[in-house]
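Right, one structure below, let's go through it.
The values are calculated or read from the model by the stated rules, or taken from the named source; none is laboratory data. Owing to the predicted nature of the structure, the values given are computational and were not obtained by experimental measurement. Note that each Cβ is placed from the backbone with ideal geometry, even for glycine, and that neighbours are counted across all protein chains shown.
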Amino acid sequence: MFDRVLIISVSAGAGHLRAAQAVEKAFSLLNAAKEVRNVDALQYTNKLFHELYSKAYIDIVDKTPEIWGWLYDHFDKPWHNERRRLAFDKLNTRPFVKMLEEYQPDMTVCTHFS
């Protein structure tokens, strides 16, 4: 049994949220953790990024899903432009990092690509 489990999803579309809810329910039904926290990572970013990301995701997936696939494939290159991405992440995710440091989960499950 785990003490603390963190489930991370993103509120862009319903699929990631539904997957996170299913994982949370499974932990509950199996009594596999004392505490399970299900969070939306976008709630820990700045408001502008949250709104733009969510809106852009829905618009692209609804209207031109092939573009989302291309973006996903194009940017899924580990270590490519890593400095730029890390600098952006560092500025945009301080509240998320603080939450992780405070919660200190024993296990983390993410339903969104990272």
Requested in this report: Could you figure out which of (1) polar (S, T, N, Q); (2) in contact with a Ser or Thr (Cβ under 6 Å, 6 or more places away or on another chain); (3) modelled with pLDDT of 95 or more isn't true of S9?
Outcome: (3)
Query - Residues of segment 50-67 satisfying the condition of being of a type in the set (A, V, I, L, M, F, W, C) and under 17 Å from the mean Cα position of the chain (by Cα) - result: L52, A56, I58
Query raised in the report: Within the bounds of segment 55-66, is there any residue that is exposed (fewer than 12 other Cβ atoms within 10 Å of the Cβ), polar (S, T, N, Q) and free of Cβ contacts under 8 Å to residues at least 24 places away in the same chain?
Result: yes
**Report entry** Residue in segment 48-58 that is more than 16 Å from T111 (Cβ to Cβ), small (G, A, S) and at pLDDT below 90 present
**Finding:** yes
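So that you can scan it fast, the table gives a plain yes or no per residue for (1) out of contact with any helix residue (DSSP H, G or I) (no Cβ under 6 Å at 6 or more places or on another chain); (2) of a type in the set (G, A, S):
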position	(1), (2)
A33	no, yes
R37	yes, no
E51	yes, no
S54	yes, yes
K63	yes, no
E66	yes, no
W70	yes, no
D89	yes, no
Report summary line: Scanning segment 50-76 for residues that are part of a loop (DSSP other than H, G, I, E, B) and among the hydroxyl-bearing types (S, T, Y) gives T64
Requested in this report: Inspect segment 104-111 for any residue being at negative phi and at pLDDT below 90 and give the result as yes or no.
Outcome: no
Query - segment 16-49, subset part of a helix (DSSP H, G or I) and charged (D, E, K, R), residue farthest from the chain's Cα centre (by Cα) - result: K25
Query - In segment 13-54, residue surrounded by the fewest Cβ atoms within 10 Å (Cβ to Cβ) [restricted to those that are among the polar types (S, T, N, Q) and farther than 22 Å from P95 by Cα] - result: N31
Query raised in the report: Regarding V36, is this residue free of Cβ contacts under 8 Å to residues at least 60 places away in the same chain and over 19 Å from K98 (Cα atoms)?
Result: no
